[in-house]
Amino acid sequence: MAAEEDPPIDSLPASLRFRFQDSIRALTDGAPGRLGVAVSGGPDSLALLLLAAESFPGAVCAATVDHGLRAESAAEAGLVAQYCGELGVPHDTLVIEIGEGNVSERAREARYEALAGWAARQGVSHVATAHHADDQVETFLMRLNRGSGVAGLAGIRKRARISALEVIRPLLDWRRAELAELVEARGWMSVDDPSNRDPRYDRARIRAALIEADWLDPEAIAASAAHLADADTALDWMADRIMAGTVRAVGDRLALPADLPRALALRVVARLLGQIGEGAPRGSEIARLCDALAAGKVATLAGVVARPGKGVWRFGKAPERRG
């Protein structure tokens, strides 16, 4: 008598798999190849793992980054490895150390650097993360509260290159609740990160406020962020063309028309500083330089001296300081 086989795993509805497949193909220009997924063990990333494994069977690998910031992190990575085993998805735990400074910022940098190295070793061209529509709303409101411009209000991008890593976010059109339902229906336990409720963090405060603000439409806010992302792309497109066709050399300096709309001027000046200057100045520093030029003042930033002239702004290397 043949050995009794394990009961088959309940599959996701075809409509959800098709929805996820369409998103992945759109973000990878139709050729996902081998897909990497970053899985922390939270409900959002577990839903990502489940959707990826069932939508692209045999073509998915997963990684969990262990920051070592909480005592439970190693066990949580082990739980993700267990679920990956159920799905037949290869899994790696990436243990990293966080340097000094802003913990959140350093953790993010180290996380993406580790994922980039892992993706290269695995031959993975894209790594998907589980950012969703509710994350987008929180990000938009946080940045709105800080007075961010178009680039900041565009929020989380569907595609981004970070630390030599091609990151895609196929769940930006999905809601947190529907992702949690997938994990619950599967019978999986998910990781509970207490920092998500810690009022010391902006995101946690915004999240708590949104629960009370039932008059806000998260899907509409996420759509607005997407429209701003389109506008941001258009501004970058125009700035690149101004650099290529309008900026001209005048002696040893580069000249830029002084009458550009401010949003474009900021982007073109940022490119000029990157081309002839040193370092990567913040947007606020570039804004102050442009304001100084508009007021007819000479300004220096990132090793570049900028001088206002008749109808133009001129940029050249600042003279070396003498000791």
Relative contact order %, region 171-323, counting alpha carbon pairs below 8 Å whose residues are six or more apart
15
Could you check which residue among GLY30, GLY251, GLY123 shows the biggest mean-square fluctuation in a GNM of the chain with a 10 Å Cα cutoff?
GLY251
Loop by DSSP (not H, G, I, E, B), at most 11 other beta-carbon atoms within 10 Å: where is the longest site-free stretch of the chain for trypsin sites (Lys or Arg not before Pro)?
1-145
Using alpha carbon positions and the Kirkwood radius, the Rg to Rh ratio of region 49-178 is 0.97
With the cut-off at 1.5 for a/c, could you classify region 156-304 from its C-alpha gyration tensor as rounded, prolate or oblate?
prolate
What is the dipole size for region 188-282, taken about its Cα centre, with +1 at each Lys and Arg Cβ and -1 at each Asp and Glu Cβ, in debye to the nearest 20?
520
Return the carbon/sulfur percentage of the accessible area of the chain, one whole number, probe 1.4 Å, all protein chains in place.
52
Please return the longest range in the chain lying between exposed loop sites, taking chymotrypsin sites (Phe, Trp or Tyr not before Pro), DSSP loop only, at most 14 other beta-carbon atoms within 10 Å, and leaving the sites out.
1-200
Within the chain, which DSSP H helices have Cα atoms that stretch 24 Å or more along the helix axis and a mean Kyte-Doolittle hydropathy of at least 1.0?
none
Could you calculate the FRET efficiency of LEU264 with ASP202 from 1/(1 + (r/R0)^6), where r is the beta carbon distance between them and R0 is 35 Å, rounded to 0.05?
0.70
Lys and Arg at +1, Asp and Glu at -1: add these up for the other residues within a Cβ distance under 13 Å of HIS126 and post the number.
+4
For the chain, built as a Gaussian network whose Cα springs stay under 10 Å, the top-fluctuating residue of ALA31, ALA133, ALA229:
ALA31
Would you list which aspartates and glutamates come within 20 Å of LYS317, measuring only between C-alpha atoms, while excluding same-chain residues fewer than 8 positions from it?
ASP252, GLU278, GLU285, ASP291
Around MET243, with a cut-off of 11 angstrom between Cβ atoms, what is the net charge of the other residues, counting Lys and Arg +1 and Asp and Glu -1?
+2
What FRET efficiency would be calculated for the residue pair ILE211, ALA160, taking the C-beta separation as r and a Förster radius of 41 Å, to the nearest 0.05?
0.90
Over the heavy atoms of SER40, what accessible area does a 1.4 Å probe trace out, to the nearest 10 Å²?
70
Convex hull volume per residue for region 25-111, taking Cα atoms only, in Å³
102
Net charge over other residues, Cβ less than 10 angstrom from the Cβ of ARG70 (K, R count +1; D, E count -1):
-4
At each listed q (0.06, 0.08, 0.09 Å⁻¹), what is the log10 of I(q)/I(0) that the Debye formula gives for the chain modelled as equal alpha-carbon point scatterers?
-0.28, -0.48, -0.59
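The values are calculated or read from the model by the stated rules, or taken from the named source; none is laboratory data. Just so it is clear, the structure is predicted and the values come from calculations on it, not from any experiment. Using ideal geometry, Cβ is built from the backbone for each residue, glycine included, and neighbour counts are taken over all protein chains shown. In case anyone asks, the SASA skips ligands and DNA or RNA and just uses the protein heavy atoms, side chains included. Shrake-Rupley method; radii C 1.70, N 1.55, O 1.52, S 1.80 Å.
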